[in-house]
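Chemist: Submitted below is the structure of interest, expressed as structure tokens.
The values are calculated or read from the model by the stated rules, or taken from the named source; none is laboratory data. This structure is a prediction, so every number in the text was calculated from the model and none was measured. Reconstructed Cβ throughout: ideal geometry from the backbone, glycine too, with neighbour counts over all protein chains shown.
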Amino acid sequence: MEKINYLGLDLTRWSAGRSTFLAIPEKGALLMNWAVTLGDGSVRDVIYWPAPGNPPLPPHKVHGGNPILFPFGGRSFDRGDIHFWRDPSGTRRAIPIHGIARQGSYNVLTCDPRGFTAQFEPGTEAREAYPFDYEFRVTYLFEPLGLACELSLSNLGRDPIPWSPGHHFYFTLPWSEGSSRGDYLIRIPAGKRLKQDFKTGQLVPGPVLREEESVANPDLIDTIHTELYGNEAVFGEKGRPGDIAVRIGTDRKPPAGATFVTWTATETTPYYCVEPWMGPPNAPENKLGLHWVEPGKTDRFTVGVRLR
């Protein structure tokens, strides 16, 4: 474990076996990069982070790493208006896409050779968007061929708190020289596929997909995979080792509402996002995957990522 200066930011680097992880626990609890040294000495980037632009963007605006989505993933709406939600008291509140935590500051509670725990320190805008008495923590544990991340929300107030968080993993793809997206397959054990209507926020029927689908299929982009009958999404290059498995929780069948979202920006971007969420987007209004944390209680959302 060591500190590294990157564009004026102090990063922390962890080594676990052949894996190296880079993160900024203090800024967004952001995991920036995961790289693995292969048997032939080459390095495979598992989690993508691009070269800095000119001028460089703030980390939370970069398409890369694993932004934390809290309290709700995706676009929130209130009665057809984007970037708003209605709290339990009936008050309409402004909230940006993917919530308030990926751009926030954190207090690092622990940082050791296995990983870190950081607690979100909400500023004025965050408190106006999510007006509750709570502690939100992000804990990473790093392993030689994987990682685990737990999001926890503790209710310190007197009323139940709603949440439906998630992750936005940017995976490097393709990862083999000379390969293309058409060489990769993905399997997501979903009984239903949905899309979000970006004009209203409502969920509408999504594409019909095969059990094993080509990553090059454009129908996967912005698709919400839910009614999961298994807890792992697996993708990789046809006929070669090194698949990536993204897991929600530890039970073979995840909780009702649990969701994977697949997304990429264009056909040629060097990353592909497979995102485990507690529930579909616009959870406060659509009610799917919306969980409530009772006073004095703590709720958790745990995911794991492993190379096979």
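Chemist: Anything in the range 51-62 that is assigned to a loop (DSSP other than H, G, I, E, B) and either polar (S, T, N, Q) or out of contact with any Phe, Trp or Tyr (no Cβ under 9 Å at 6 or more places or on another chain) (or both)? List them, or say none. Outline the logic, then answer.
Modeler: First pass over the range 51-62, keeping only residues assigned to a loop (DSSP other than H, G, I, E, B): 51-58, 62.
A51, G53, N54, P55, P56, L57, P58, listed by residue number.
Chemist: If you don't mind, another one. Scanning the range 150-180 for residues that are under 12 Å from T262 (Cβ atoms) and outside any strand (DSSP E or B), which turns out nearest to the chain's Cα centre (by Cα)?
Modeler: Out of the qualifying residues, it is H168.
Chemist: Scan the range 201-228 for residues that are closer than 21 Å to I248 by Cβ, under 22 Å from the mean Cα position of the chain (by Cα) and assigned to a loop (DSSP other than H, G, I, E, B) and report the count.
Modeler: Here the count works out to 4.
Chemist: Considering the range 237-277 alone, what residues qualify as being at pLDDT 95 or above, surrounded by fewer than 22 Cβ atoms within 10 Å (Cβ to Cβ), touching a Lys or Arg at 6+ places or on another chain (Cβ under 8 Å) and within 27 Å of G178 (Cα to Cα)?
Modeler: G242, D243, A245
Chemist: While we're looking at this one, here's another question. Just checking, how many residues over the range 22-50 are hydroxyl-bearing (S, T, Y) and not in a loop (DSSP other than H, G, I, E, B)? Give the steps one after another, and end with the answer.
Modeler: Filtering the range 22-50 down to residues hydroxyl-bearing (S, T, Y) leaves 37, 42, 48.
Filter again for not in a loop (DSSP other than H, G, I, E, B), leaving 37.
Adding up the residues that qualify gives 1.
Chemist: Looking at the range 98-114, is at least one residue surrounded by 12 or more Cβ atoms within 10 Å (Cβ to Cβ), among the charged types (D, E, K, R) and within 29 Å of R158 (Cα to Cα)?
Modeler: Checked the range 98-114: at least one residue is surrounded by 12 or more Cβ atoms within 10 Å (Cβ to Cβ), among the charged types (D, E, K, R) and within 29 Å of R158 (Cα to Cα).
Chemist: Please go through the range 234-265 and pick out each residue that is part of a strand (DSSP E or B) and either farther than 28 Å from R75 by Cα or among the basic types (K, R) (or both).
Modeler: Answer for the range 234-265, where residues must be part of a strand (DSSP E or B) and either farther than 28 Å from R75 by Cα or among the basic types (K, R) (or both): G236, E237, R247.
Chemist: Out of (1) in contact (Cβ under 8 Å) with a residue 24 or more places away in the chain; (2) of a type in the set (V, I, T); (3) in a loop (DSSP other than H, G, I, E, B), the odd one out for T268 is which?
Modeler: Status for T268: all satisfied but (1).
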